1. Can you spot a residue in the stretch 49-57 that is more than 9 Å from the ligand (Cβ to nearest atom) and over 18 Å from the mean Cα position of the chain (by Cα)?
2. What strands (runs of 3 or more DSSP E), lying completely within the stretch 17-121, carry at least 1 residues that are in contact with a Ser or Thr (Cβ under 9 Å, 6 or more places away or on another chain) and outside the structural domain of Glu144 (by TED's automatic domain parsing)?
3. State which residue pairs qualify: first residue basic (Lys, Arg) and inside the stretch 135-163, second residue loosely packed, with under 14 Cβ neighbours inside 10 Å in any location, beta carbons under 7 Å apart, and separation of 6 or more residues or different chains.
4. Can you work out which of the residues in the stretch 97-126 that are within 20 Å of Glu53 (Cβ to Cβ) and without any contact (Cβ under 8 Å) to a residue 40 or more places away in the chain is surrounded by the fewest Cβ atoms within 10 Å (Cβ to Cβ)?
5. Regarding the stretch 36-43, can at least one residue be identified that is within 14 Å of the ligand (Cβ to nearest atom), at pLDDT 95 or above and closer than 24 Å to Asp113 by Cα?
6. Among the residues of the stretch 122-153, which ones are farther than 18 Å from Pro84 by Cα, in a helix (DSSP H, G or I) and not aliphatic (A, V, I, L, M)?
7. Inside the stretch 45-81, can you point out the residues that are under 15 Å from Pro29 (Cα atoms) and free of Cβ contacts under 8 Å to residues at least 12 places away in the same chain?
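The values are calculated or read from the model by the stated rules, or taken from the named source; none is laboratory data. Given the structure is predicted, the values throughout are model-derived calculations rather than measurements. Note that each Cβ is placed from the backbone with ideal geometry, even for glycine, and that neighbours are counted across all protein chains shown.
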Amino acid sequence: MAEKTRCPICGAEASEDPPTGDSRRIHCPRCGRYVISRTAEATLLGAPLSPVEVSSIAGWLHGQPEPTVVDVARLGELRRRPTPTAQEKARALFQEIARGTTHGQWIELNVNDQRLWGAASAGSAEEIIFLLKNYLVGRLKWLEDLDTWALGGFARFIITPEGWDVLEETRRT
Ligand SMILES: [Zn+2]
């Protein structure tokens, strides 16, 4: 049975499989599934991640085949990794949103959804709103905002024909 815990990378509410010796297997909505060694966890306690590092590392983990192993060496590499650009974040968010949707489907999103934060390497609801409205709707025109913004950060979008062209071209190659 999975036990409740806090994700040692991002702090989100997560679950873990029964512990096995010197590592823990975490299921985090933001980071996905990964295995973290006890020594890597101890390193994190001694030198906590900055909010920018958390967003970047959670985003990297989210995009990896599961379960990725995070040991001390991997943690060091991840800390030195450059932060994704706004364009890269917007594209990754778009791919996540588009998964499992069909042409013309209304997609309801919650800007507080940790899965979206992870996919986009984002660290706040404001950042998700920026990527949705300013990038994916405004700049790239891959999404249309159906203007149904509600309390709690819920809103509906559809993927535009331009968005489908991009998705279907990348799926074909
Ligand atoms: Zn996490």
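1. no
2. The strands (runs of 3 or more DSSP E) meeting that bar are 23-28, 32-37, 68-70.
3. What qualifies is Lys141/Glu162; Arg156/Trp106; Arg156/Glu108; Arg156/Leu146; Arg156/Thr148.
4. Across the stretch 97-126, the extreme among qualifying residues is Glu126.
5. Yes, some residue in the stretch 36-43 is within 14 Å of the ligand (Cβ to nearest atom), at pLDDT 95 or above and closer than 24 Å to Asp113 by Cα.
6. Initially, the stretch 122-153 is screened for residues farther than 18 Å from Pro84 by Cα, giving 133, 137-138, 141-153.
Narrowing the set further to residues that are in a helix (DSSP H, G or I) leaves 133, 137-138.
Within the stretch 122-153, Lys133, Gly138 qualify.
7. Listed by number, the list holds a single entry, Pro65.
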